[in-house]
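The values are calculated or read from the model by the stated rules, or taken from the named source; none is laboratory data. Given the structure is predicted, the values throughout are model-derived calculations rather than measurements. Cβ atoms come from the backbone with ideal geometry, glycine included; neighbour counts cover every protein chain shown.
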Amino acid sequence: MTTAVYTAAAFRRHVTPPGHPEQVARLAAVESGLAPLSPDLRDCPVADDAQILRCHPAAYLARVRAAVPSAGWAQLDGDTYLSPGSLDAALRAVGGACAAVDAVLSGDLKNAFIACRPPGHHAETATAMGFCLFGTVAIAVKYALDHHGLSRVAIVDFDVHHGNGTQDLLWDEPRALFISSHQMPLYPGTGARIETGAHGQIVNIPLREGSGSGVMRAAYETLAFPALTAWQPELILISAGFDAHQDDPLAGLEWQTDDYAWLTRRICEIAETTCGGRVVSCLEGGYDLDALAASVAAHVGVLMEQGQ
């Protein structure tokens, strides 16, 4: 068993307007961070409609498909855009996540990282928002539960923004633990501690602006990791956003690159004791290109170390 990185040329064809933070250059930054690691690269297949319909209604998928422009951009909300290549990219993000779940659960891989865009954790049941079209990680969770027959899956979302979409899509799912740390107050305004899901299976950890590494690590050790361990997941997925980094322009949690290596190692250690080390991680945010490259390298470097 080992580690693989799933990606696709199609992710470069999801083009946003000039000046948009979720830009094509993010993928080049991720690739530059990964290059010294020489990971096993695999192509993301296109998800079929049935995968999307695990979390989103058919009418929503049809609406997104109909909105794809032949040129230029179509705007779905204040900051979420479609270009001619966007739907293929979003379908490949979902397809890559599900392919990684297949490979990890079959024992072909120990863990995997999906270097994808657009991100997914803000997409609600029938609403595109926050740069996101489909709930990539939530769909992969439902796929692991329903297709592979797992009974307990967990998500750790350390993006600086609350994963409101993942929470919405899995609010009524008793087999899925969702843990999210995020800056608060900040977009999208959700993620209070009192939001615990229909079955008490959601753990929100709001953090104050400027709180830094020490507060984050203490919160994970006292809240996130005990909940994750107690859940005894059969698979752990990560919504890997790197926009809590001190250099990121969209927020201010002031994390360091080393924090991502620490988080990844601790999650992998828990995975080792609960589910044979099985981890699937999907790229979410991260908008300073140098910080993104360094943080992805730290994250995937630990996955590869743990995957040996």
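What to note about this one:
- Verdict on residue 271 being closer than 22 Å to residue 138 by Cβ and either charged (D, E, K, R) or touching a helix residue (DSSP H, G or I) at 6+ places or on another chain (Cβ under 9 Å) (or both): yes
- Members of the range 2-40 that are hydroxyl-bearing (Ser, Thr, Tyr) and in contact (Cβ under 8 Å) with a residue 12 or more places away in the chain: 2, 3, 6, 7, 16, 32
- Within the option set 220, 287, being touching a Leu at 6+ places or on another chain (Cβ under 8 Å), of a type in the set (Phe, Trp, Tyr), closer than 20 Å to residue 183 by Cα and part of a loop (DSSP other than H, G, I, E, B) holds for one residue only, 287.
- Scan of the range 163-190 for residues that are over 19 Å from residue 212 (Cβ atoms) and in a loop (DSSP other than H, G, I, E, B), ordered by number: 163, 171, 172, 173, 174, 175, 187, 188, 189, 190
- Total residues in the range 241-283, condition touching a Phe, Trp or Tyr at 6+ places or on another chain (Cβ under 7 Å) and within 26 Å of residue 29 (Cα to Cα): 13
- The range 224-236, subset touching a Cys at 6+ places or on another chain (Cβ under 7 Å) and among the aliphatic types (A, V, I, L, M), residue nearest to residue 26 (Cα to Cα): 236
- Selection of first residues in the range 237-248 that are at negative phi and of second residues that are at pLDDT below 95, restricted to Cβ pairs under 8 Å at least 6 apart or on distinct chains, gives an empty result.
- Tallying residues that are crowded, with 24+ Cβ neighbours inside 10 Å and either assigned to a strand (DSSP E or B) or at positive phi (or both) within the range 119-147 yields 3.
- Test: residue 200 is closer than 27 Å to residue 78 by Cβ, assigned to a loop (DSSP other than H, G, I, E, B) and modelled with pLDDT of 95 or more: no
- The requirement of being touching a helix residue (DSSP H, G or I) at 6+ places or on another chain (Cβ under 8 Å), assigned to a loop (DSSP other than H, G, I, E, B), aliphatic (A, V, I, L, M) and touching a residue at least 24 places away in the same chain (Cβ under 8 Å) is satisfied by residue 150.
- Test result for residue 67, farther than 15 Å from residue 135 by Cβ and among the small types (Gly, Ala, Ser): yes
- Of all residues making up the range 154-170, the number that are of a type outside the set (A, V, I, L, M) and more than 25 Å from residue 277 (Cα to Cα): 5
- Qualifying helices (runs of 4 or more DSSP H) (wholly inside the range 15-118; at least 2 residues being within 28 Å of residue 153 (Cβ to Cβ) and touching a Lys or Arg at 6+ places or on another chain (Cβ under 7 Å)): 25-34, 86-106
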